[in-house]
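This report refers to the structure that appears directly beneath it.
The values are calculated or read from the model by the stated rules, or taken from the named source; none is laboratory data. The shown structure was predicted, so the numbers you read here are calculated from the model rather than taken from an experiment. Cβ: placed from backbone, ideal geometry, glycine included. Neighbour counts: every protein chain shown.
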Amino acid sequence: MLDVYHPARVAELRALIEAAPGVRVSQKTFEDLLAIRSRLWEEQSHLAALLDQHQIDEDDFLAEMNRTQHAAMMECRSLLGNDFIRVFGEAGLEPEHVIDRDIFLEQHNSQDPYQAPSPGGP
């Protein structure tokens with residue numbers, strides 16, 4: 001099971017916020033952002049398990065990943081307001097386009113899902 005409150009994940013979010021020029025968030029806002037991202041990570045982990053168990057296909061997986069990314073970013077945007085773009089960048093405005101379908105399918109359908117086939121063949 002994915003540890004969504006793992007110190008590395010907390011540090012990752014903190015670093016993302018601290019790197020954003022001029023952005024300061026309260027502890028409550030930070031905890032709310034962490035909760036949103038944690039729900040996202042939990043949902044993505046669940047979707048990956050469904051895909052691995054062949055309970056959903058690649059297209060359903062991608063559609064649900066895009067839906068969950070979009071919903072999470074909209075929640076973050078409502079919390080951060082004008083600071084949203086400084087924290088999450090342009091990709092945060094259209095998170096449903098973060099996963100490239102062709103790259104995903106190439107990775108997912110390769111013999112070793114962690115190693116895509118080389119362009120020149122095996």
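Quick look at the numbers
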item	result
Flag for Leu51 being within 17 Å of Ile99 (Cα to Cα), out of contact with any Pro (no Cβ under 9 Å at 6 or more places or on another chain) and at pLDDT 90 or above	yes
Qualifying residue in segment 52-64 (condition: aliphatic (A, V, I, L, M), exposed (fewer than 15 other Cβ atoms within 10 Å of the Cβ), more than 30 Å from Asn109 (Cα to Cα) and out of contact with any Ser or Thr (no Cβ under 7 Å at 6 or more places or on another chain))	no
Given (1) modelled with pLDDT of 90 or more; (2) loosely packed, with under 15 Cβ neighbours inside 10 Å; (3) not polar (S, T, N, Q), index of the condition Leu34 fails	(2)
Qualifying residue in segment 86-100 (condition: under 18 Å from Leu16 (Cβ atoms), part of a loop (DSSP other than H, G, I, E, B) and of a type in the set (Val, Ile, Thr))	yes
Members of segment 47-67 found to be among the hydrophobic types (A, V, I, L, M, F, W, C) and in a helix (DSSP H, G or I), listed by number	Leu47, Ala48, Ala49, Leu50, Leu51, Phe61, Leu62, Ala63, Met65
Residue match in segment 68-75 (condition: at pLDDT 90 or above, in contact with a Gly (Cβ under 7 Å, 6 or more places away or on another chain) and in a helix (DSSP H, G or I))	yes
Answer from Leu79, Leu34, Leu40 - the residue that is part of a helix (DSSP H, G or I), within 13 Å of the chain's Cα centre (by Cα) and over 27 Å from Ile103 (Cα atoms)	Leu34
